[in-house]
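Take a look at the structure set out below.
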Amino acid sequence: MNSYDIIRRPVLTEKSYAGIPAKTYTFEVAKSANKVEIKRAVEEIFGVKVEHITTSTVKGKLRRQGRAQGYTPDWKKATVRLTSDSKAIEFFESLS
């Protein structure tokens with residue numbers, strides 16, 4: 001699996017913005033990816049050193065439109081903390 005297939009998109013929420021000064025970033029990742037693959041992908045794409053990774057599976061929410069209803073897809077979230085001597089990810093620095 002390619003590094004760009006593992007890291008899908010950044011998750012930009014109030015909670016994820018609060019972690020930017022501490023070099024903690026949140027990404028949506030492939031459901032089949034494990035922590036080792038996520039660490040390798042982040043280090044390869046952004047050129048940083050990863051200290052710790054936390055992953056969680058986010059369950060889809062029930063959505064209704066009229067009388068039709070269904071669930072949004074489940075997805076996997078990874079919170080990545082960089083080492084203190086590592087450079088910050090430029091994309092997130094421009095947001096804070």
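The values are calculated or read from the model by the stated rules, or taken from the named source; none is laboratory data. On a predicted model such as this, the values are computed, not experimentally measured, just so you know. In this analysis, Cβ positions are derived from the backbone assuming ideal geometry, glycine residues included, and neighbour counts consider all displayed protein chains. To get the accessible areas, we keep the full protein, side chains included, count just its heavy atoms, and leave off ligands, DNA and RNA. Shrake-Rupley method; radii C 1.70, N 1.55, O 1.52, S 1.80 Å.
Scanning the stretch 1-21 for residues that are closer than 14 Å to residue 90 by Cα and either surrounded by fewer than 16 Cβ atoms within 10 Å (Cβ to Cβ) or of a type in the set (D, E, K, R) (or both) yields 10, 17, 21.
In the stretch 68-96, the residue that is modelled with the lowest pLDDT out of those that are acidic (Asp, Glu) and open to solvent by 100 Å² or more (accessible area, probe 1.4 Å) is 90.
Just name the residue that is surrounded by the most Cβ atoms within 10 Å (Cβ to Cβ) out of those in the stretch 24-67 that are hydrophobic (A, V, I, L, M, F, W, C) and part of a strand (DSSP E or B). Let's see the steps before the verdict.
Quick first cut of the stretch 24-67, residues hydrophobic (A, V, I, L, M, F, W, C) only: 27, 29-30, 33, 36, 38, 41-42, 45-46, 48, 50, 53, 58, 62.
Retained after the next criterion (residues that are part of a strand (DSSP E or B)): 27, 29, 50, 53, 58, 62.
Values: 27: 22, 29: 26, 50: 20, 53: 17, 58: 13, 62: 8.
By that ranking, first place goes to 29.
Within the stretch 32-50, not a single residue is touching a residue at least 60 places away in the same chain (Cβ under 8 Å) and either closer than 15 Å to residue 83 by Cβ or among the aromatic types (Phe, Trp, Tyr) (or both).
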